[in-house]
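Only the coordinates and a few stated rules stand behind these numbers; no lab work does. None of the values given here were measured: they were computed from a predicted structure. Counting neighbours? That spans all protein chains shown, and the Cβs are built from the backbone with ideal geometry, glycine included.
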Amino acid sequence: MVRYDVAIVGGGPAGSATAITLARLGWRVLLADSTAPGRFRVGEGFPPSARSLLNDLGVLDGFLAAGHRRSYGNVSVWGSDEPHMDDFIFHTHGQGFQLDRAVFDSQLRAAARQLGVSVHESTRLSQTPDEDGFRLSLARDGQEQPAHCRWLIDAGGRPAVFARQQGAQRLSDDRWWRSTCCYTVRKVPTKMAGPWSRPSRTAGGTAYCCRRENDW
């Protein structure tokens, strides 16, 4: 049975960044994610100030070379009908980016592997507490592999399966729900053209719009 100092549930940016940081401190780290590599995820706006975080993780150069779509600011309609422009030219870190999440996640996991993190993709992790931490079972393709860790971190996002198993409760301030749509339009409206992210809010909720590679 392989023994780790810490196991991390969830291989998104939060889980991978945590794995990289702990591996640099000399910890033996396991990173498990249940989704298949390359699975489509909605891209997100990456603000200029976040460059310093990638630099601290040692992945900035690779990120800049990955070809993420550049974003030069945000145009938001928030609290009024008048659009407000936040031009990144006034930010000390330069332009932002609109992420290709599959590429971004893959890059961070690769950086974790290089530091000795044991990365398990398309793998479901289950756990049982014991006196020394947690007994783990890593399930993939009908096969199970046992492991053990002293600490376990839930970086699985909204589902928070492990955290809820430990008694954590989600706090809800509203009854809003989320949906994601991808559209292809033949002619981009002038007000929508350009490499800008467009968050907006109305009485009925919030919306976020950005251009995808080669389409909308």
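Sorted from fewest to most neighbouring beta carbons within 10 Å, what does the list ASP86, ASP173, ASP132 look like?
ASP173, ASP132, ASP86
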State, to one decimal in nm, how far the label point of ARG113 lies from the label point of ASP56, with both points 7 Å from Cα in the Cβ direction.
2.6
Taking neighbour Cβ counts within 10 Å as the exposure measure, how do SER71, SER52, SER34 sort from fewest upward?
SER52, SER34, SER71
ALA139 versus SER126, label points 7 Å from Cα toward the beta carbon: distance in nm?
0.4
Taking the Cβ-Cβ separation of HIS93 and TRP151 as r and a Förster radius of 25 Å, what is the calculated FRET efficiency to the nearest 0.05?
0.15
What's the FRET efficiency of VAL2 with ARG69 using the Cβ-Cβ distance as r and R₀ = 45 Å, to the nearest 0.05?
0.70
Mind checking the alpha-carbon convex hull of segment 1-141 and giving the volume per residue in Å³?
152
